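Trainee: Following this message is one structure expressed as structure tokens.
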Amino acid sequence: MEFNLMDTGKATDDNSEKHVSVLIIGSGPAGLSAALYTARADLNPVVLTGMELGGQVSLTYAVENYPGFPDGVGGNELVEKFQKQAERFGAQVEFDTATEVDLSQRPFLVKTYNSNYLADSLIITTGATPLHLNVPGEQELTGRGVSYCATCDGWFFKDKDVAVVGGGDSALEEAIFLTRYAKSVTIIHRRDELRAGAILQNRALENPKISFAWNTVVSEIIGEDALKTIRLQDKISGEEREHPTDGLFIFIGHRPNSQIFSGQLEIDKQGYIIVDNMMRTSVPGVYAAGEVADPHFRQVITSAGMGAAAAMQAIHYLEEDSPSSIQQSLVAEAKP
Ligand SMILES: Cc1cc2nc3c(=O)[nH]c(=O)nc-3n(C[C@H](O)[C@H](O)[C@H](O)COP(=O)(O)OP(=O)(O)OC[C@H]3O[C@@H](n4cnc5c(N)ncnc54)[C@H](O)[C@@H]3O)c2cc1C
């Protein structure tokens, strides 16, 4: 297969394989920011949306910590603007999901439900999925009292009563963070001891705003337009009771969406794709950005920033280091 795209960047259909300069897997803040930057470099990036166009933030009712929107902005509206801006410069958004990749060949092969793509460079922005309780009411009340992010939503619960589900480090860190705003924080944990480190445990146990419901699980989340109460079940006695609360923060883990890259890229124990500070993965020409490569910050702005950085590196790679650019400069040098 010849590398024929560096001059146009446009997708070509060759034996039903679409050859593109830049393929972006994922359409959240990281993917759409990468799309904007590579589109403005005239590389006509293709963005595969996956099942969730706009990513996790599209689920949330209001985003108040993304600069440029002094009155806040709906999560869906924000990512629609991201998409529109990238499309204005030529990004092509495809409603499709990557199912398999081969990063050992050049161009890289990405199989989707509908096509096979050959990509000179790849930007992976498949995000992460906060683990859900999977109880009635959870989906309906997400963004209406149910949250997976204290940094994002804690401010909405000033002087309110909130509950936190989980017993690990992130649950305790977020619970302690929430005490800045909330009147009370009840930590609901299914065991009688915490998994979090000792220092965090002590801080939580000593905090006068925090109380614990041990050996307890949430069996239902109740409310119409907004969360009103949660049904709790005692795991030992089986007894159920209602616990009125204004907010429910669920921190029972995060799963990076990196499974299809396993064995082909370096991935850490928790499943995050390992990148350096230039967003480079272990395979030259493949970049990763946003929550799939970020166990720490997990915000729209940080994911978008990583997406922009990955795009700038991909642009540089295509100009200087990719097999096609090397081939082109050899051809130019050979000309009399
Ligand atoms: C309810 C909720 C509220 C939030 N509120 C805020 C807030 O107010 N402020 C804030 O800064 N942050 C907020 N966050 C966090 C923020 O949404 C994330 O940090 C951000 O969306 C991460 O962006 P991302 O692009 O890395 O990944 P994601 O947003 O997770 O997007 C991943 C994308 O990859 C796609 N994908 C996955 N697998 C495949 C595949 N195999 N093929 C193709 N595509 C694939 C998905 O469909 C999706 O489009 C919130 C999160 C949640 C869950």
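The values are calculated or read from the model by the stated rules, or taken from the named source; none is laboratory data. Just so you know, these numbers come straight off a predicted model, no measurement behind them. No Cβ is skipped: glycine too gets one built from the backbone with ideal geometry, and neighbour counts run over all protein chains shown. For the accessible areas, the whole protein counts, side chains as well, though only heavy atoms, and no ligand, DNA or RNA atoms are used. Shrake-Rupley method; radii C 1.70, N 1.55, O 1.52, S 1.80 Å.
Trainee: Within region 223-237, count every residue that is in a loop (DSSP other than H, G, I, E, B) and under 31 Å from the mean Cα position of the chain (by Cα).
Mentor: 3
Trainee: Go through region 238-336 and tell me which strands (runs of 3 or more DSSP E), entirely inside it, have 3 or more residues that are open to solvent by less than 80 Å² (accessible area, probe 1.4 Å).
Mentor: The strands (runs of 3 or more DSSP E) meeting that bar are 247-250, 286-288.
Trainee: Provide a single number: the residues in region 20-62 that are within 11 Å of the ligand (Cβ to nearest atom) and either assigned to a loop (DSSP other than H, G, I, E, B) or surrounded by fewer than 22 Cβ atoms within 10 Å (Cβ to Cβ) (or both).
Mentor: 15
Trainee: Filter region 195-222 for residues that are within 13 Å of residue 245 (Cβ to Cβ) and open to solvent by 30 Å² or more (accessible area, probe 1.4 Å); which is farthest from the chain's Cα centre (by Cα)?
Mentor: By that ranking, first place goes to 211.
Trainee: Residues that are more than 11 Å from the ligand (Cβ to nearest atom) and not small (Gly, Ala, Ser): find the strands (runs of 3 or more DSSP E) completely inside region 101-156 holding 3 or more of those.
Mentor: Correct list: 116-124.
Trainee: Same structure again: Could you grab me the full set of residues in region 72-94 that are modelled with pLDDT under 95 and either out of contact with any strand residue (DSSP E or B) (no Cβ under 9 Å at 6 or more places or on another chain) or assigned to a helix (DSSP H, G or I) (or both)?
Mentor: Scanning region 72-94 gives 75, 76.
Trainee: Only one of these conditions is not met by residue 90: (1) open to solvent by 80 Å² or more (accessible area, probe 1.4 Å); (2) on the phi > 0 side of the Ramachandran plot. Which number is it?
Mentor: Among (1) open to solvent by 80 Å² or more (accessible area, probe 1.4 Å); (2) on the phi > 0 side of the Ramachandran plot, residue 90 violates only (1).
Trainee: Please specify each residue of region 168-207 satisfying the condition of being within 17 Å of residue 157 (Cβ to Cβ), not in a strand (DSSP E or B) and not acidic (Asp, Glu).
Mentor: Hits for region 168-207 are 171, 175, 176, 177, 178, 179, 180, 181, 182, 183, 207.
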